[in-house]
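Engineer: My questions will all concern the structure given below.
The values are calculated or read from the model by the stated rules, or taken from the named source; none is laboratory data. Computed from a prediction, not measured in an experiment: that's the story for all the values here. Cβ placement follows ideal geometry from the backbone for every residue including glycine, while neighbour counts extend to all protein chains displayed.
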2 protein chains.
Amino acid sequence: MKVLVADDDAELRELIAFTLGQAGYLVIKASDGSAAVRLFSAESPDLVVLDINMPALSGFQVCEAIRTRSRVPVMMLTVRGEEEDLVRALGLGADDYLTKPFSPRTLLARIRALLRRAGMENTAPVAAGRIGLDLNEHTVRIGEGEAVRLTKLELRLLQMLLANAGHTVSSERLLVQVWGHRSGGDRQLLKQLVHRLRQKIEADPGAPALLRTAAAGYKLVVD
Amino acid sequence: MKVLVADDDAELRELIAFTLGQAGYLVIKASDGSAAVRLFSAESPDLVVLDINMPALSGFQVCEAIRTRSRVPVMMLTVRGEEEDLVRALGLGADDYLTKPFSPRTLLARIRALLRRAGMENTAPVAAGRIGLDLNEHTVRIGEGEAVRLTKLELRLLQMLLANAGHTVSSERLLVQVWGHRSGGDRQLLKQLVHRLRQKIEADPGAPALLRTAAAGYKLVVD
DNA sequence: CCGGTTTGTCACCGGCCTGTTACCGGGGCG
DNA sequence: CGCCCCGGTAACAGGCCGGTGACAAACCGG
C-alpha cells in the first residue's frame, strides 16, 4: 500500500512518513508540488496526503492535476480557521482534510478510513524498517532504492521473514510456510531460494546484511 | 458498477441502457424474464432494473427468483395507475419503482440513490491519462488518436483495468469480473483477450506500453 | 435463415522459475 | 589429521506461464 506525502515542511513531512512507515505503509515523499505531481505519475500511490501551502505548485493545483486522471483518495492538510481552503479543497475533489496541528494517531485513523472507503483495505501493508513489500506488484523496495521484482516463492519467503522481522525463523517453519512441505530433507530448496533472494536484495550478496543466517534458520535484520 | 436492465420493449431498454452507459455504468441487457434470471446468475450485477410486463417470466417472478439468493437493489418499472402492481412488487422485495413514462434524469437520480443506500456508490471512472472509454459506442480513444471499436469483453477488461489504473489486477480477479468464472483454469481466455485488446490499443503490440504484464496479472500504465 | 463478428479452444514457442545435482570450504569432533 | 555435517554457490533440465497464430463454435443483426 503506497502513500505519497507532499509537504514542504521537512519536520512535519518526516513525522508523517515515520508514522505511516511504522504502520506498514510504503511512503513516497515530495517536498514541493511539482515533485508531488511527478512522483504521482511515476509511483501510482494508493493514497495522497497533500499540504496546501507548498512551493512550485500549491496543494490545490496538485489535487486538481491528480483528479484529471485518477480517483485515488486525497487527504489535504490545512491550517486551522481557513474555512475557504476547506471548501475549495473539497470542491476540487479532495476526500478528507486535517487541520494542523493533528496527532499521528488521528492521521492514521483517517487514512485507514479513506482506504477502507475506497475499497483498498484488502492488501495489508507489509513493511519493516527499510524494507517495504508490495504484495500486489510482487516487488520489494529497500530504503530509497528501486523496487525489485520478486518471484512467487521469493515473495513468500520474504513475507514470512518480514512477519517475524528481527527474530530467527527456523528452516522447518520456512519450508512449511513457503512450500507447504510435510517432511524435512528439502533443505536444499531453502538454500537455493535464500541465495536467489540475497542476489536481489543484498547490496553485497557475499556478505548478507539483511537476510542473515542464524542458528537453525534465518532472520531478517531491521534497524 | 454493473446494472442489469430487463425490458421487452427494445426502445425503452436501449434508452435506459444508453442513459446508464452515459453515466458510466456497465449495462447488461435482457429482453425477457428468463434471460434476466440467467444473466443475473452469470453476471452478478450490482443493481437490477425490471419491467413488470415481460415474456417468459414476469418482472414479479424474476424479482422473486432474485430475492431467493440476493439482496441486490431492484428497481421495478410499472405503468401508471396500476396500484396493485406496486404493492405486489414492493411486497416481493423490490426497493423502488418508476411509473412509465419517466425521464432519464429521474431514472438516474433514483438509481444513484439506490446504490448509495446500498453503500455501493463507487462509480467506475471511464477515463485515465491518455485513455478515454466510451461505454455507449464501445470505443476507446488513446491520446489524440482515432477511436477504436471494442467488443463487449474487450470493453469490460479495459474497464476493469481502468478502474485500477496504475495497479496490478490479478488474473483471478479479471477472470471473475470479466467472465464471472468461479475458479482458475481458464487462463487461456484471458491470454487471448489481452492479446486481442493489445492488437487494438497498443502502438506496437509486440512491446506493450499501456497494457503491461505484471506479476500474477496485468496492469494499465497511465502517465 | 444467413453472413460476419466475436468468443472459445488447440497447438506451439520461448523465456523464466524452480527443483535437482554437484562441488567447495569451514568448523566440530573423534 | 581425517571425517562429516552444514551452508553457500554454480550449472543444468524440466516444467510452467505468457505470447501468438490458426481454427472452430457461438452469437448477433438483418
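Engineer: Kindly establish whether B:D223 is more than 20 Å from the chain's Cα centre (by Cα), surrounded by fewer than 16 Cβ atoms within 10 Å (Cβ to Cβ), within 28 Å of A:L135 (Cβ to Cβ) and more than 11 Å from DNA strand C (Cβ to nearest atom).
Structural biologist: Taking the combined requirement at face value, the residue satisfies it.
Engineer: Kindly check whether there is at least one residue in the stretch B:131-152 that is surrounded by 20 or more Cβ atoms within 10 Å (Cβ to Cβ) and in a helix (DSSP H, G or I).
Structural biologist: No, the stretch B:131-152 has no match at all.
Engineer: From the list B:V48, B:V79, B:V72, pick out the single residue that is within 16 Å of B:D7 (Cα to Cα), within 17 Å of the chain's Cα centre (by Cα), modelled with pLDDT of 75 or more and not polar (S, T, N, Q).
Structural biologist: Answer to the check: B:V48.
Engineer: Being farther than 20 Å from B:P45 by Cα and modelled with pLDDT under 85: is that true of B:G119 here?
Structural biologist: For B:G119, the condition - farther than 20 Å from B:P45 by Cα and modelled with pLDDT under 85 - is not met.
Engineer: Can you pull out the residues in the stretch A:191-210 that are touching a residue at least 24 places away in the same chain (Cβ under 8 Å), within 16 Å of DNA strand C (Cβ to nearest atom) and hydrophobic (A, V, I, L, M, F, W, C)?
Structural biologist: Across the stretch A:191-210, the qualifying residues are A:L193, A:V194, A:L197, A:I201.
Engineer: Here are some residues: B:T139, B:T168. Which one is among the β-branched types (V, I, T), modelled with pLDDT of 85 or more, within 16 Å of DNA strand C (Cβ to nearest atom) and in contact with a Phe, Trp or Tyr (Cβ under 9 Å, 6 or more places away or on another chain)?
Structural biologist: Answer to the selection: B:T168.
Engineer: A follow-up question, please. Can B:L193 be described as more than 15 Å from the chain's Cα centre (by Cα) and either within 14 Å of B:L26 (Cα to Cα) or buried (at least 17 other Cβ atoms within 10 Å of the Cβ) (or both)?
Structural biologist: Criteria met by B:L193.
Engineer: Also: Here are some residues: B:L162, B:L174. Which one is within 13 Å of chain A (Cβ to nearest Cβ), part of a helix (DSSP H, G or I), modelled with pLDDT under 90 and more than 10 Å from DNA strand D (Cβ to nearest atom)?
Structural biologist: One residue alone meets the criteria, B:L162.
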